[in-house]
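Participant: Below are the structure tokens for one structure; questions will follow.
All of the numbers you see were taken from the coordinates with simple rules; none came from a lab. This structure is a prediction, so every number in the text was calculated from the model and none was measured. Ideal geometry is used to build each Cβ from the backbone, glycine not excepted, and the neighbour counts take in all protein chains shown.
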Amino acid sequence: MLRPAFGQEWPDIKDFGALRSFAKALARAPYRPVAEVDSPQLRDLSYDQYRAIRPHPLKSWPADRPFSIQPFHPGFLYKRPVSLHVVSGDTVRRVPYDPGQFDLSAVDGVDLSRFTAADGRGFGGFRLHHGAGPPGDQVEFAVFQGASYFRLRGDGQEYGLSGRGVALDTGGPGAEEFPDFTAFWVLEPGPDAREVEVLALLDGPSLAGAYRFTVRPGVEAAMAVECALYPRQPLGKLGLAPLTSMFLAGENGGPPGHDDFRPEVHDSDGLLLHADGGWTWRALSNARTDAVLTDLPVRDLRGFGLMQRDRDFRSYMDVEARQEDRPSAWVVPRGDWGPGRVQLYTFPSVTEFADNVVASFIPDRAPGPGEELRLAYDIRVFGNRPDLPPLGRVTATRTGSADGLRPLPEPVPGRRLYMVDWEGGPLPSLEKGAPLTVELNATAGIAADPYLERVVQTRGWRLYFDHRPGEGPATLTARLLLDGKPVTETWRHDG
């Protein structure tokens, strides 16, 4: 019984080294899940009831700090409470659950004021705010809540996609495992601090782990992540630095029968990859009725992320959701992660309230029991970044019926017309007649009759071609070359 049960004291975790030692020892013990909250009232809270619970800034946190912590109440989807600690110099203080930490007056139908520490046992997670002045003037910029999920946003952005500690067997033939962050230690920053450090303990049936998050707010918020993972048993598919998002409908397709006044509904519209000297863009879609796994082998990973490139309100027409203000997230490894693959897993969805997109790096070799995997990376979130990549980038992928094209001598069932737009990078300086060439490939069938034209309205270039299917699903790729050198990222589509 290494991990403390409710009512027992945790060891004094003051730094990442101490947390690593604790996680390593924890991995040698049998897995013991955190018990869910006992109260049926907490477990059965509705979405609206849960959102009506308003936390107060943490009372044990100095009021003159540039950051504040607001814990979430346990309950609703967050039934396994987490332990929260504040580290101030050599002092570690556990934050006990206290109903007075929350404004419970607006919750209809449930009297939460009578709950005690024995009912709550901890918190549902917490969020971080930054900025000078009273708590009401501070800006929320990070959330840690649910399994190993966390969210980050820049100033003026809306929350969208999420990060995760690890992804285990995502998109595999068996059940996916969701380890939990079971305890957090937040290091109290100084009065002039520009970032805040959070330590987190990961625990699950297959592994334990230690995490250090150094979080910096701003217009482009950033998070430096260090982790040490310790398997309890042989691992299946280990996804590192995973990102999770939602794509319901967009210019590249929506679910069959989708009927919505909004032209597009998504938190991300594509996966961007920088590896092995090149850039690849894989647009998201939700037109398939089955799940799709896209494996992108890499040997020298420089970065990957889920992007929200379309920043035009008219693409979404949703005044409340503001999906044009959802952040893009870019993962940059520190050090050599070795060979592996960036995997994109998407599955069909008919609602915008379910995340159906996961991207992560999967190493060729996962650590075994008794081994340690150390990893470090940075996550940056931002709005529009036309310099990422420093080439022409895909701004639209559209496909439709090829019935209006020149008839073939023999009809080809499933023939489709594709249109790809690139903008930015060196493209605006290239006039009509520039010696651009198209590199177009299909792994099955034929990608035929490419036609390239300059788009005066966007100062970009547009490619048309039709795909004539063959046996099995096809991966289509295209990029533009000038004098034999790429001037755009590689567009990729998995049929």
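Participant: How large is log10 of I(q)/I(0) for region 1-78 at q = 0.14 Å⁻¹ when the intensity is taken from the Debye formula with one equal scatterer per alpha-carbon?
Facilitator: Rounded to two decimals, the profile gives -0.78.
Participant: Any chance you could count the Lys pairs in the chain whose alpha carbons are under 28 Å apart, treating pairs 8 or more apart or on different chains as valid?
Facilitator: Final tally of qualifying lysine pairs is 8.
Participant: For the chain, find the longest principal axis of its Cα atoms and tell me its angle to the long axis of helix 16-27, 0 to 90°, nearest 10.
Facilitator: Long axis of 16-27 versus the principal axis of the chain: about 90 degrees.
Participant: Where does each of 126, 150, 347 land when they are ranked from fewest to most other beta-carbon atoms within 10 angstrom?
Facilitator: Exposure proxy ranking, most exposed first: 347, 126, 150.
Participant: For region 393-494, build the charge dipole from Cβ charges (+1 Lys, Arg; -1 Asp, Glu) around the Cα centre, then report which of 482, 445, 424 sits farthest towards its positive end.
Facilitator: 424
Participant: Continuing with this model, one more query. Once the piece of chain linking residue 458 and residue 193 is laid out straight, how much longer is it, given 0.36 nm per residue of separation minus the C-alpha distance between them?
Facilitator: 91.1 nm
Participant: So if each residue of separation counts as 0.36 nm, and I subtract the Cα-Cα distance between residue 320 and residue 103, what length gain in nm does that give?
Facilitator: Gain on stretching residue 320 to residue 103: 75.7 nm.
Participant: Sticking with this structure for a sec: If packing is taken as the average number of other Cβ atoms within 10 Å across a peptide's residues, how do 442-448, 21-27, 382-388 rank, most packed first?
Facilitator: The most tightly packed comes first, giving 21-27, 442-448, 382-388.
Participant: Give, in whole angstrom and from largest to smallest, the semi-axes √(5λ) of the equivalent ellipsoid of region 29-179, with λ running over the eigenvalues of the Cα gyration tensor.
Facilitator: 25, 21, 17
Participant: Cα-Cα pairs above 19 Å in region 393-494: how many percent?
Facilitator: Summing the P(r) tail past 19 Å for region 393-494 gives 42 percent.
Participant: Can you compute the modelled spin-label distance between residue 29 and residue 364, with each label point 7 Å from Cα toward Cβ, in nm?
Facilitator: So the label points at residue 29 and residue 364 sit 3.8 nm apart.
Participant: Okay, moving on. Based on the Kirkwood radius over alpha-carbon pairs, what value in µm²/s does the Stokes-Einstein equation return for the translational diffusion coefficient of the chain at 10 °C and 1.306 mPa s? Working shown, then result.
Facilitator: Values: Rh = 24.4 Å.
Approximately 65 µm²/s, per Stokes-Einstein.
Participant: Using the Karplus equation 6.51 cos²θ - 1.76 cosθ + 1.60 (θ = phi - 60°), what ³J(HN,Hα) coupling, rounded to whole Hz, does each residue of region 126-131 give in order, writing x for Gly and Pro?
Facilitator: 7, 10, 10, 10, 9, x
Participant: Work out, step by step, the length gained on full extension between residue 351 and residue 451: first 0.36 nm times the residue separation, then minus their alpha carbon distance; give nm to one decimal.
Facilitator: That works out to 32.4 nm of additional length.
Participant: Output needed for region 260-383: three equivalent-ellipsoid semi-axes, defined as square roots of 5 times the C-alpha gyration tensor eigenvalues, in descending order, whole Å. Walk me through the numbers on the way to the answer.
Facilitator: Details: eigenvalues 178, 54, 34 Å².
In descending order the semi-axes read 30, 16, 13 Å.
Participant: Compare the peptides 173-186, 52-65, 397-410 by average per-residue count of other Cβ atoms within 10 angstrom and give them in order, highest first.
Facilitator: 173-186, 52-65, 397-410
Participant: Each label point is 7 Å from the Cα along the Cα-to-Cβ direction; what then is the distance between the points at residue 437 and residue 64, in nm?
Facilitator: Once both label points are built, they end up 6.8 nm from each other.
Participant: For region 49-64, what does the Karplus curve 6.51 cos²θ - 1.76 cosθ + 1.60, with θ = phi - 60°, yield as ³J(HN,Hα) per residue in whole Hz, taken in order and with x for Gly and Pro?
Facilitator: Result, rounded to whole Hz: 5, 5, 5, 6, 7, 10, x, 9, x, 4, 5, 8, 9, x, 6, 8.
Participant: Under a point-charge model restricted to the Cβ atoms of Lys and Arg (+1) and Asp and Glu (-1), what is the dipole moment magnitude of the chain relative to its Cα centre, in debye to the nearest 20?
Facilitator: 820 debye
Participant: Let me ask another. Please list the non-local residues whose amide H lies under 5 Å from the amide H of residue 102, H modeled 1.01 Å from N, same-chain partners needing a gap of 5 or more.
Facilitator: For residue 102, whose amide H was placed from the backbone, the distant partners under 5 Å are 56.
Participant: Still on this structure: Give a residue-ordered list of calculated ³J(HN,Hα) values for region 210-222 (Karplus: 6.51 cos²θ - 1.76 cosθ + 1.60, θ = phi - 60°; whole Hz; x for Gly, Pro).
Facilitator: Each residue's phi maps through the Karplus curve to give 10, 10, 10, 10, 10, 10, 10, x, x, 4, 10, 6, 9 Hz.
Participant: For the pair residue 291 and residue 38, how long in nm is the line joining their label points, each one 7 Å along Cα→Cβ?
Facilitator: The two pseudo-label positions are separated by 3.8 nm.
Participant: Given N residues in region 165-215, what is Rg(Cα) / (2.2 N^0.38 Å)?
Facilitator: 1.50
Participant: Still on this structure, please answer the following. Output the peptides 155-161, 267-273 sorted from most to least packed, where packing is the average of other Cβ atoms within 10 Å over each peptide's residues.
Facilitator: Per-residue mean Cβ counts within 10 Å order the peptides as 267-273, 155-161.
Participant: Can you give the convex hull volume of the alpha carbon atoms of region 311-414 per residue, in Å³? It would help to have the intermediate numbers written out before the result.
Facilitator: Details: hull volume 26.9 nm³, N = 104.
Dividing the Cα hull volume of region 311-414 by its residues yields 259 Å³.
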